Amino acid sequence: MGLTAKERMAIERNRMGEQPPDLRNRNFEEVPYGYTPEEAVNEAKRCLNCKKRTCVSGCPVEVPIPEFIALIAEEKFVEAARVIKTKNVLPAVCGRVCPQETQCEGQCIRGKKDNTQAVAIGNLERFVADYERENNLIELSEVPKKNGFKVAVIGSGPSGLTVAGDLIKLGYEVTIYEAFHRGGGVLVYGIPEFRLPKRIVESEIKALENLGVTIHYNSVIGRLYKIDELFKGLGFDAVYIGVGAGLPIFLDIPGMNLNGVFSANEYLTRSNLMKSYLFPKYQTPMIIGKKVAVLGGGNVAMDSARTAIRLGAEKTTIVYRRSMEQMPARAAEVHHAKEEKIEFRLLSNPVEIYGNKDGWVTGMKCQNYQLGEPDESGRQRPVPVEDSFFEFDCDQVLVSIGGQANPLITKTTPDIKINKWGYIVTDDWGRTSRQFVYSGGDIVTGAATVISAMGAGRRAAKAIHEDLMKESNETTGDNGK
Amino acid sequence: MFEIVEKSEVFNVHKIVVKAPGIARAVRAGQFVIIMGAEYSERIPVTVSDWDAAAGTIVLYVLEVGISTLELARMKVGDSLFAVTGPLGVPSEIKNYGTVVLGGGCYGIGGIYPIAKACKEAGNKVISIIEARYKDMFYNEKALMEVSDKLLYATSDGSKGTKGKVEDVVYEMLEQGQKIDQAFFMGCTQMLERCSEATRSNSIPTKVALNSIMLDGTGMCGACRVSVGGQIKFACVDGPEFDGHEVDWNELHSRKAAYAEQETGVYQSYSHECMAEKKFKQELERG
Ligand SMILES: Cc1cc2nc3c(=O)[nH]c(=O)nc-3n(C[C@H](O)[C@H](O)[C@H](O)COP(=O)(O)OP(=O)(O)OC[C@H]3O[C@@H](n4cnc5c(N)ncnc54)[C@H](O)[C@@H]3O)c2cc1C
Ligand SMILES: Cc1cc2nc3c(=O)[nH]c(=O)nc-3n(C[C@H](O)[C@H](O)[C@H](O)COP(=O)(O)OP(=O)(O)OC[C@H]3O[C@@H](n4cnc5c(N)ncnc54)[C@H](O)[C@@H]3O)c2cc1C
Ligand code: SF4
Ligand code: SF4
Ligand code: FES
């Protein structure tokens, strides 16, 4: 549209309206309200439609960013959403949860000088996806003719949903097996409602079902069926394992099993999936801490702390070994947490959790840390300061220092190769050591991001299609069928 | 899905037969399921006490102790459970031990049945011991008798068998010089602890089916963690059966009481008194 680059440059980044901190820290409603169409168009005009599309190379699935933004500038919102969906099937989710500042927006030319001035790609992505969904403009893909092959997908997290969506459109019969009574993986049990409303995930799953994907809930593979049985008894031609990394790590310090010490997984699952923030209408109980310590500095820690505040904690503190700059959490989450009066006790780590005679947490003994030499990741390594301890007053401790590979499947299917940490080993396309078994997402990479799990799903879907078609051509050739 | 096809009650223990064909096909002795009565319910673990793979049904014995079990108790034949997930946990290790003693209290009276049956089929001499307050509170006796070489009773009031509890029968057996090669116990935590004490001095290998608080049942949350031999174990995936002589019982007792306050809130009549006993007393008062 007729704007000059200079005119575009003159437009300030459009901030999204959001619930004020004092209001939102008492409810579970989503924090940002989303752009209005005017704001979206205005934001879209900031994009310079660069020749060298650095933003695109920052996105793990290479969403055609300048193209979809140009469509927004022309108010073609639905078309913009469709363009994104050629690469990313869950834009309403990714627009909300991608760490944009280190991915697409981190590479945007407009953020080179001042990173707060990058084009708000995530906000725009969210806007068009919401616009399309809320106005019921989602295009119903035609259910293609079945090609006769059956694929089982284990786990309904973002990677499993992507595989299912891609393969159903190619004519496969797709069945998802999900351990929980609800689908979405971390999107429903981990990431809280105030960051990602569950109705968005539900509508994505409904859309897959409308295309013919069958979902069996309450189905723990490895126990209900072993992978061998999926092939032999149930006649699947390929299996995709997208079970996530969910196995919590606890610190090896005294007091870890006291009442009031939770893994973030447990705490968040109670609150999100089981809706104990609506207790007693929903019957899963939750222990409400008064002074809550959250161990860790990632998204999981921020989500736990912000949930604790909303459940009624008087004081919530992030206790983290490293410094503020080194926190792996999305910048927006740290910013929101600070606004919500969550405190940060940096460069410190507990060495013991104290309890009373009934086994309840009464406080922690912590040690001060300082930054030392850089480690393999290039971050300065936190090292404990000798003889430098302090007491920390708290009655609840939420442990969110990371996860491990859940061994439920690999134990029951020993012929799938795993690495020394228990993660499944695959080639670039998700092929495991066993023929026609594929895997991707957190169970391959360790805890990562929604978009990378989806990217892995997309690649594996391609590999499954390629391998099964090759197989079918070969058999047709051999048998002259 | 998960339709209730049969239901009955003996003093607060509700037998619930549920349609769950996949589980009925895959389940082994010692495993459990996690169930939700309704969409708003808590996820609660319940032992699979019997199954019929051909009919596609599983048998649960649910002891009414709180809000979730109360709501299950009120469901009727024809109603459906919202969720039944399983089979979960590691199956009991079944082999020819020689003489196996199985002790069951409250829901464990039903729960030890498949273990007894499998042990019997593996060629063991099976001695089952069940405890209750009063003789009329036993259930599932006939089935248990069929798979046991001996079925012994313990009642608090002495109305049947030994006056006392399962561990008292174990002590009697040991005094009489009865050889025991392996013991399994299932019931409330207090009973598991006392029975493990009984077998400790003779170093009888003892497995106890722990019932720590659970949430997902797949190893994802750590709610069910227990200390066994000084190590953290997740009861849902590493157990539920553990060496009774290695369990940190004090920790387990306190972890099990973690939600007592909230639970009491929703289930006003909850008390530390055994609910089965309470109901029994009410029945007596009514005559
Ligand atoms: C609290 C929290 C906040 C996060 N915030 C962000 C964020 O802001 N941005 C971001 O990009 N990433 C975030 N992440 C990371 C992101 O959510 C994960 O990387 C992503 O969800 C991984 O997807 P997945 O499909 O591999 O697995 P998951 O989402 O973990 O899904 C796995 C599914 O498989 C099921 N399953 C497991 N075992 C079995 C079995 N044996 N049989 C059947 N089903 C099984 C599970 O129940 C689950 O539903 C966050 C993670 C957490 C925990
Ligand atoms: C592996 C395993 C097998 C079990 N098998 C049976 C069985 O066959 N029959 C049976 O009647 N009971 C069984 N239980 C115990 C049963 O799960 C609890 O009695 C039930 O959860 C109580 O729920 P409630 O809401 O009715 O009572 P509440 O009032 O919520 O709690 C009463 C007591 O039950 C325990 N409890 C509460 N919530 C849970 C939970 N989510 N998980 C585990 N324990 C909890 C607590 O110690 C609490 O003090 C088993 C438990 C485990 C772990
Ligand atoms: S998917 Fe994520 S990284 Fe890619 S463009 Fe969208 S918000 Fe950016
Ligand atoms: S780098 Fe930034 S300005 Fe350039 S095309 Fe991408 S989003 Fe637009
Ligand atoms: S119940 Fe969650 S790990 Fe065992």
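The values are calculated or read from the model by the stated rules, or taken from the named source; none is laboratory data. Please read these numbers as outputs of a predicted model, since none were measured by experiment. Here the Cβ is made from the backbone with ideal geometry for all residues, glycine too, and neighbour counts use every protein chain on show. Note: areas computed on protein heavy atoms with side chains; ligands, DNA, RNA excluded. Shrake-Rupley method; radii C 1.70, N 1.55, O 1.52, S 1.80 Å.
Report yes if A:V89 is away from ligand 2 (no atom under 16 Å from the Cβ), open to solvent by 10 Å² or more (accessible area, probe 1.4 Å) and part of a loop (DSSP other than H, G, I, E, B), otherwise no.
Numbers: away from ligand 2 (no atom under 16 Å from the Cβ): yes; open to solvent by 10 Å² or more (accessible area, probe 1.4 Å): yes; part of a loop (DSSP other than H, G, I, E, B): yes.
It is true that A:V89 is away from ligand 2 (no atom under 16 Å from the Cβ), open to solvent by 10 Å² or more (accessible area, probe 1.4 Å) and part of a loop (DSSP other than H, G, I, E, B).
Which of (1) within 13 Å of another protein chain (Cβ to nearest Cβ); (2) in contact with an Asp or Glu (Cβ under 8 Å, 6 or more places away or on another chain); (3) farther than 24 Å from A:S304 by Cβ does B:S254 not meet, given it meets every other one? So B:S254 meets the others, but not (3).
In the set (1) under 19 Å from A:G155 (Cβ atoms); (2) without any contact (Cβ under 8 Å) to a residue 40 or more places away in the chain, the condition left unmet by A:D375 is number (1). Hey, does the range B:205-217 have a residue that's over 17 Å from the mean Cα position of the chain (by Cα) and within 13 Å of ligand 2 (Cβ to nearest atom)? Scanning the range B:205-217, I find at least one residue that is over 17 Å from the mean Cα position of the chain (by Cα) and within 13 Å of ligand 2 (Cβ to nearest atom), so the answer is yes. List every residue pair whose Cβ atoms lie under 6 Å apart, where the two residues are 6 or more positions apart in sequence or sit on different chains, the first residue falls within the range A:1-22 and is modelled with pLDDT of 90 or more, and the second residue, located anywhere, is part of a loop (DSSP other than H, G, I, E, B) and among the β-branched types (V, I, T). Short answer, once both residue conditions are applied: A:E18/A:V31; A:Q19/A:V31. Test A:I215 against the criterion of being assigned to a loop (DSSP other than H, G, I, E, B), modelled with pLDDT of 95 or more and more than 9 Å from chain B (Cβ to nearest Cβ), and give yes or no. Spelling it out, it is not the case that A:I215 is assigned to a loop (DSSP other than H, G, I, E, B), modelled with pLDDT of 95 or more and more than 9 Å from chain B (Cβ to nearest Cβ). Quick check on A:G430: is it touching a Phe, Trp or Tyr at 6+ places or on another chain (Cβ under 7 Å), surrounded by fewer than 21 Cβ atoms within 10 Å (Cβ to Cβ) and closer than 23 Å to A:L161 by Cα? It is false that A:G430 is touching a Phe, Trp or Tyr at 6+ places or on another chain (Cβ under 7 Å), surrounded by fewer than 21 Cβ atoms within 10 Å (Cβ to Cβ) and closer than 23 Å to A:L161 by Cα.
Residues in the range A:49-75 that are part of a loop (DSSP other than H, G, I, E, B), in contact (Cβ under 8 Å) with a residue 24 or more places away in the chain and within 12 Å of ligand 3 (Cβ to nearest atom): A:C59, A:P60, A:V61, A:E62, A:V63.
Screening A:C104 with (1) open to solvent by 30 Å² or more (accessible area, probe 1.4 Å); (2) near ligand 4 (Cβ under 9 Å from one of its atoms) gives one miss only, at (1).
Can you pull out the residues in the range A:402-425 that are among the polar types (S, T, N, Q), surrounded by fewer than 18 Cβ atoms within 10 Å (Cβ to Cβ) and more than 20 Å from the chain's Cα centre (by Cα)? A:T412, A:N419, listed by residue number. Just one of (1) more than 16 Å from ligand 1 (Cβ to nearest atom); (2) at pLDDT below 95; (3) part of a loop (DSSP other than H, G, I, E, B) fails for A:V119. It is (2).
Give A:A179, A:A152, A:A164 a once-over and let me know the one that is under 24 Å from the mean Cα position of the chain (by Cα), within 14 Å of chain B (Cβ to nearest Cβ) and outside any loop (DSSP other than H, G, I, E, B).
Working: A:A179 fails: outside any loop (DSSP other than H, G, I, E, B); A:A164 fails: within 14 Å of chain B (Cβ to nearest Cβ).
On inspection, the qualifying residue turns out to be A:A152.
Do you know which residues across the range B:27-77 are open to solvent by less than 20 Å² (accessible area, probe 1.4 Å), assigned to a helix (DSSP H, G or I) and at the interface with another protein chain (Cβ under 9 Å from one of its Cβ atoms)? The answer is B:S68, and nothing else.
State yes or no: is A:E7 within 16 Å of ligand 4 (Cβ to nearest atom) and more than 19 Å from A:R126 (Cβ to Cβ)?
Numbers: within 16 Å of ligand 4 (Cβ to nearest atom): yes; more than 19 Å from A:R126 (Cβ to Cβ): yes.
Answer is yes for this residue.
Rundown of residues vs (1) crowded, with 24+ Cβ neighbours inside 10 Å; (2) within 16 Å of ligand 5 (Cβ to nearest atom); (3) farther than 24 Å from B:T85 by Cα, yes/no style:
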{"position": "B:I204", "(1), (2), (3)": "no, no, yes"}
{"position": "B:S212", "(1), (2), (3)": "no, yes, no"}
{"position": "B:C224", "(1), (2), (3)": "yes, yes, no"}
{"position": "B:S227", "(1), (2), (3)": "no, yes, yes"}
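Listed conditions (1) within 10 Å of ligand 4 (Cβ to nearest atom); (2) open to solvent by less than 20 Å² (accessible area, probe 1.4 Å) are all met by A:A80, apart from (1).
Looking only at the range B:79-107, which residues are open to solvent by 20 Å² or more (accessible area, probe 1.4 Å), polar (S, T, N, Q) and within 14 Å of chain A (Cβ to nearest Cβ)?
Here is the first cut: in the range B:79-107, the residues open to solvent by 20 Å² or more (accessible area, probe 1.4 Å) are B:79-80, B:82, B:90-91, B:93-98, B:106-107.
Filter once more, keeping what is polar (S, T, N, Q): B:80, B:96.
Once the filter is applied, which keeps residues that are open to solvent by 20 Å² or more (accessible area, probe 1.4 Å), polar (S, T, N, Q) and within 14 Å of chain A (Cβ to nearest Cβ), the range B:79-107 yields only B:S80.
Only one of A:V261, A:V243, A:V201 is surrounded by 21 or more Cβ atoms within 10 Å (Cβ to Cβ), of a type in the set (A, V, I, L, M) and more than 17 Å from the chain's Cα centre (by Cα). Can you tell me which? Talk me through it step by step, then tell me what you get.
Working: A:V243 fails: more than 17 Å from the chain's Cα centre (by Cα); A:V201 fails: more than 17 Å from the chain's Cα centre (by Cα).
Testing whether each residue is surrounded by 21 or more Cβ atoms within 10 Å (Cβ to Cβ), of a type in the set (A, V, I, L, M) and more than 17 Å from the chain's Cα centre (by Cα) leaves just A:V261.
Would you pick out the residues in the range A:311-331 that are in contact (Cβ under 8 Å) with a residue 40 or more places away in the chain and within 16 Å of A:N299 (Cα to Cα)? Answer for the range A:311-331, where residues must be in contact (Cβ under 8 Å) with a residue 40 or more places away in the chain and within 16 Å of A:N299 (Cα to Cα): A:T317, A:V319, A:R321, A:R322, A:S323, A:Q326, A:R330, A:A331. Please indicate, with yes or no, whether at least one residue in the range A:452-475 is within 16 Å of ligand 3 (Cβ to nearest atom), assigned to a helix (DSSP H, G or I) and among the basic types (K, R). Scanning the range A:452-475, I find at least one residue that is within 16 Å of ligand 3 (Cβ to nearest atom), assigned to a helix (DSSP H, G or I) and among the basic types (K, R), so the answer is yes.
State which residue is modelled with the highest pLDDT when the search covers only the range A:319-337 and only residues that are of a type outside the set (A, V, I, L, M) and touching a helix residue (DSSP H, G or I) at 6+ places or on another chain (Cβ under 9 Å).
Initial filter on the range A:319-337 (of a type outside the set (A, V, I, L, M)): A:320-323, A:325-326, A:328, A:330, A:333, A:335-336.
Keeping just the survivors that are touching a helix residue (DSSP H, G or I) at 6+ places or on another chain (Cβ under 9 Å) gives A:320, A:328, A:330, A:333, A:336.
Details: A:Y320: 96, A:P328: 90, A:R330: 89, A:E333: 91, A:H336: 93.
Taking the candidates together, the pick is A:Y320.
Within the range A:112-132, identify whether any single residue is under 15 Å from A:P60 (Cα atoms) and not acidic (D, E), and answer yes or no. Yes, the range A:112-132 contains at least one residue that is under 15 Å from A:P60 (Cα atoms) and not acidic (D, E).
For residues that are open to solvent by 30 Å² or more (accessible area, probe 1.4 Å) and more than 10 Å from ligand 3 (Cβ to nearest atom), scanning just the range A:107-130, find the one that is farthest from the other protein chains (Cβ to nearest Cβ). Step by step, filter the range A:107-130, then rank; the result is A:K113. In the set (1) more than 25 Å from A:I287 (Cα to Cα); (2) hydroxyl-bearing (S, T, Y); (3) within 14 Å of chain A (Cβ to nearest Cβ), the condition left unmet by B:T206 is number (3).
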